[in-house]
1. Calculate the FRET efficiency for Lys134 and Ser100 from the Cβ-Cβ distance with a Förster distance of 30 Å, rounded to the nearest 0.05.
2. What is the angle, in °, between the Cα long axis of helix 146-156 and the longest principal axis of the Cα atoms in the chain? Nearest 10 is fine, range 0 to 90.
3. Once both axes come from the Cα atoms, what is the angle between helix 54-67 and the longest principal axis of the chain, in degrees from 0 to 90, rounded to 10?
4. Got a sec? Which residues in the stretch 109-149 would a label at Ser46 touch, if it sits 7 Å along Cα→Cβ and we count backbone N under 14 Å?
5. Of the listed peptides 188-195, 146-153, 97-104, what is their order by residue-averaged count of other C-beta atoms within 10 Å, with the highest listed first?
6. 7 Å from Cα along Cα→Cβ at both Arg110 and Arg35: what's the point-to-point distance in nm?
7. Over the Cα atoms of the chain, what Rg and Dmax result, in angstrom?
8. Under 26 Å Cα to Cα from Lys14, which lysines show up? Leave out anything in the same chain fewer than 8 places away.
Amino acid sequence: MFFVRHGTTPTTGKVLPGRTPGLHLSEQGTAEAGRAGERLAAVGASALYTSPLERTRETAAAIAKHVNLRPLTDRALLECDFGDWTGKPLAELAKLPEWSVVQHHPSGFRFPSGESFSELRARIAGAIERLVAKHAGESIVVVSHADPIKIAIGDALGQPLDLVQRIAVAPCSISVVAYGAGAPSVLTTSSSGDLAALARAQRANGAPRVNKGV
């Protein structure tokens, strides 16, 4: 499974956009999405799923031009519901006492009038289980947001939820997790490199191909 974070937007790194409607990719983000599509075309995929927000759908649309797939919207891939924190400047939120809880004890935090990290984790785990079962033995692309992807990677590593903030996921980076009969294998995280080279390295090591069973 290829997890792709959406491309850069005008608010990236400045505010906590959450599910704010009408937030589109910047010119930089559109270019990033096109490059992600070129990289994914080198390894192939059988399905392309996206969160319903504009910035993810635009990223998926740019990828679709290169992988020849129609993006399918899946609400389970949505960004976390940040509730009252939605749209607030990150510099302002970082001054709140609750910010330390978000960073160091997210399993015990619920965003005011929003979603908890534990609920987000359950939602993303359910989506992954459903998509893996539907596309057994196939390679699929999932376009989502930073927190859902970090949680997916952490779960694949068997990592406690309270350590999820130790994972970084850059805009339009690609993280690859192989799901099969046994435990998941994390092949790369937040990658901007050559995915075809990753596939060759996996084959050289006797591991399953990246585009089979991923």
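Coordinate-derived values only; no laboratory data. In this text the structure is predicted, and so the values were computed from the model without any measurement. Please note: Cβ atoms are built from the backbone with ideal geometry, for glycine as well, and neighbour counts cover all protein chains shown.
1. For R0 = 30 Å, the calculated efficiency reads 0.15.
2. 60
3. Approximately 10 degrees, to the nearest 10.
4. The answer is 131-141, whose backbone nitrogens lie closer than 14 Å to the label point.
5. Ranking the peptides 188-195, 146-153, 97-104 by packing returns 146-153, 188-195, 97-104.
6. Placing both labels 7 Å beyond Cα along the Cβ direction yields 4.1 nm.
7. 16.6, 50
8. Qualifying lysines at Cα under 26 Å: Lys88, Lys95, Lys150.
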